[in-house]
Amino acid sequence: MISQNNKYRLHAIKTIMERVSQTRFWGLGIFVTLAVSLAFSSVLLVNFSRFTETNLITVEKQPLTAPILLSVILISLYLSLTISLNVSREYSNNTIEMLFYGPVDESAYMLGNFFAQLKVFLYSLIGILVWLNLSIWLLNLDFRLDIFLMLGVSILMCGQWVAFGLLVASWGGKRRNTLVYFMLTILLIGGIQAGDFIAATLVQIQSPTATDPLVVARNVLSGINGLISWISPYSQLSSAFEAILENSTSGFLGNLVLMFVEMILMLASSILLLKKKGVRG
Amino acid sequence: MSMIVTSDLTKKFGAFKAVDGLNLRIAQGESYGFLGPNGAGKTTTLSMLLGILTPTSGMVFIQGEQVRSDSFSLKRKIGVVAEYQTFYENMTAWEYVMFFARLYQAANAEKRAEMLFEQVNLMQWKDALISAFSTGMKKKLGFIRALVHSPDLLILDEPVSGLDPFGIIQVRSLLMTEKARGATLIISSHILSEVEKTTDRVGIISRGKLILEDTIDNIQRKVGDGERILFRFANQTPDILGKLSSLPFVIQVSQEEDEISVLTDGAKDYREDLGRYLVQNEWIPLEMKKHQTSLEEVYITISEQSLRTIQEDLETEDVPSD
């Protein structure tokens, strides 16, 4: 039985969700991101098609995996950044305080924003689905039901990114801080992965001794990278896709649980952080 | 029944006590003026009433329920006009009000909003973007947002600042309508003439402490130096000042040009006694009026320097005699 207070909370979530998602649809950003991601995905698919034609060999079970992965990641990144900026702008402009004078609390505010982005993502999935069917038809690919499963699991990955955006916004507070924190986190992760790759390549070329600083650096970077890969939404989604293609139910469910837990943890942290900091910008 | 009760409400920011053991009791349907110099703790108190700030100690109850940030059912009954209001500037005024009406689940929202837009003369601007609004128009829009759900409690922080005289009259009329509807009003303002016109009772806060709380009449009597009655005579006899001074309730008599000012002890309205006395002595006044100390004069009297003394005096005066 839902208490009256929770009924009001649900109503607040719904109202905020509608306003934020409307704002997203009024802007061009989501349509541009969708178009760009599908354009890149088309390039990937055309390259695959040419490779198959030239070599007369198919190396992938599901050639649509990479295009799906690319488009859902780009859209999720866009939704994560926009919600982060949206919340921090409300904080900077103090419009968040106007909301909190009324029947809104930290959880209703964060969840309203969270579901608004997921709603936009779901609409984007329709666009991706249309593009996938068009590609299957144009390139005469095998239509497989697993693309629905892939798109379904990508909703969780988008949830992780949006929760991450909300967490950064409640951590940063003001707009500039939030943007800096968001970019720094992405660059740091990207930098560690690139550093790991470079260090591994150099170790291969130079074959140094085990005590060489290069080897130590490579081991450290590799360890951190392993951790990042474990918590990275991209790695988890990629593993989930592999599990789908290999019909591994346990692998699929394992990744699903990991993604869900991580999303909930980030979402709960963002709510608690906002509660701790207060809404006065 | 009390609409608001605060019990030993305290808010500290580090070592600084912004609000210090505040005890308020505001009745349902009452219009309460909350006064105090800058930094006295008014806005902090209002923020705690709204659950925006958590008290360091003490409690806030609205309609008997303790206020928290997630008190959804309570917050639906409150309307707020903040001193510095911010808006979603990319929305039209109508969209903005309707968004808040949905949030508060306001009944008959469209009809009510139309009435409010008409009342503050913003109807012709309802479909304009808020970014095009002037400060005064935004202030009025803030009132519409605060009132669209017909709140039981209205919290107003500097409600008329930024408004032109016509705007002030419109807002005053709006507040009177809300009061007549049964809403409780808390008005924090520096424009004391406005507080005087719209409130039944005022509380004066300084350094986080409530130092004085009463009806405006009582405060004027307590803080003002008695009551002053002014006369104008056609012909004055030279001994009139001396005769008036000899009356037991008269503290002081002075004359400025053709006006005589009689300062009484203020225990009651002495106009009738004085009138009778003058007629008995065949001094017929052309004009007699009571000079009321304005809230502004009272406020100035209660300056920061004399706050402590007044508090002590009043505490002594208020001790009940057995």
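The values are calculated or read from the model by the stated rules, or taken from the named source; none is laboratory data. Since the model is a prediction, treat every value here as computed from it, not as a measurement. Virtual Cβ from ideal backbone geometry, glycine too; neighbours counted across all protein chains shown. The accessibility values were calculated without ligands, DNA or RNA, using every heavy atom of the protein model including side chains. Shrake-Rupley method; radii C 1.70, N 1.55, O 1.52, S 1.80 Å.
Using a Gaussian network for chain A with springs between C-alpha atoms less than 10 Å apart, which of these wobbles most: A:S92, A:S84, A:S250? With Cα springs under 10 Å in chain A, the top fluctuation among A:S92, A:S84, A:S250 is at A:S250. Between their Cα atoms, which of A:K277/B:K42; B:K77/B:K140; A:K174/A:K276; A:K119/B:K111 are more than 26 Å away from each other? Those over the limit are A:K119/B:K111. Near B:V80, the amide H atoms lying under 5 Å from its own belong to B:I155; only residues 5 or more places off or on other chains count, and H is placed 1.01 Å from N. Taking all protein chains together and a 1.4 Å probe, the residues A:R89, B:R201 rank A:R89, B:R201 from largest to smallest accessible area. Every helix of 4 or more DSSP H residues in chain A counts as -39500 (n - 2.57), and over all residues that averages to -30000 deg cm²/dmol at 222 nm. Counts of other chain beta carbons within 10 angstrom of each beta carbon in peptide B:155-162 average 0.
Ordered by packing density, taken as the mean number of other Cβ atoms within 10 Å over each peptide's residues, highest first, how do B:190-196, B:118-124, B:285-291 rank?
B:190-196, B:118-124, B:285-291
At q = 0.13, 0.16, 0.19 Å⁻¹ the log10 of I(q)/I(0) for the range B:2-220 amounts to -0.73, -1.10, -1.45, computed by Debye summation with a single uniform scatterer per C-alpha, solvent ignored. Taken per residue, the accessible surface of chain A reaches 49 Å², heavy atoms only and a 1.4 Å probe.
What are the aspartates and glutamates whose alpha-carbon lies under 15 Å from the alpha-carbon of B:K243, with same-chain residues fewer than 8 places away excluded? List returned: B:D273, B:E282.
Phi angles across the range B:251-267 convert, under the Karplus curve 6.51 cos²θ - 1.76 cosθ + 1.60 with θ = phi - 60°, into 3J(HN,Hα) values of 8, 7, 10, 9, 10, 9, 6, 9, 10, 9, 10, 10, 9, 9, 6, x, 5 Hz, Gly and Pro given as x.
Within the listed set B:L74, B:L154, B:L263, the Gaussian network model of chain B (springs between alpha-carbon atoms below 10 Å) gives the highest mean-square fluctuation for B:L263.
Each residue of the range A:243-260 was assigned a 3J(HN,Hα) from its phi angle through the Karplus curve 6.51 cos²θ - 1.76 cosθ + 1.60 (θ = phi - 60°); the sequence is 4, 5, 5, 8, 6, 9, 5, 5, x, 5, 5, x, 5, 4, 5, 4, 5, 5 Hz, with glycine and proline shown as x. Between amide H atoms placed 1.01 Å from N, distances below 5 Å from B:E213 occur with B:I204, all of them 5 or more places distant or on a separate chain. Mean per-residue shielding of peptide A:102-110 is 5, counting Cβ atoms of other chains within 10 Å of each Cβ. A simple rule links phi to the HN-Hα coupling: the Karplus curve 6.51 cos²θ - 1.76 cosθ + 1.60 with θ = phi - 60°, which for the range A:81-89 gives 5, 5, 6, 4, 5, 4, 5, 5, 5 Hz, with x for Gly and Pro.
Per residue of peptide B:66-74, the mean number of Cβ atoms on other chains within 10 Å of the residue Cβ is 5. Between the helical axis of B:307-317 and the longest alpha-carbon principal axis of chain B there is an angle of about 70 degrees. Values of log10 I(q)/I(0) for the range B:225-291 across q = 0.13, 0.28 Å⁻¹ run -0.29, -1.60, by the Debye formula with one identical scatterer at each alpha carbon and no solvent. Comparing mean-square fluctuations of A:T95, A:T82, A:T65 from a GNM of chain A with C-alpha springs under 10 Å, the top value falls on A:T95. In this calculation the C-beta distance from A:L145 to A:I198 is compared with R0 = 45 Å, giving a FRET efficiency of 0.65.
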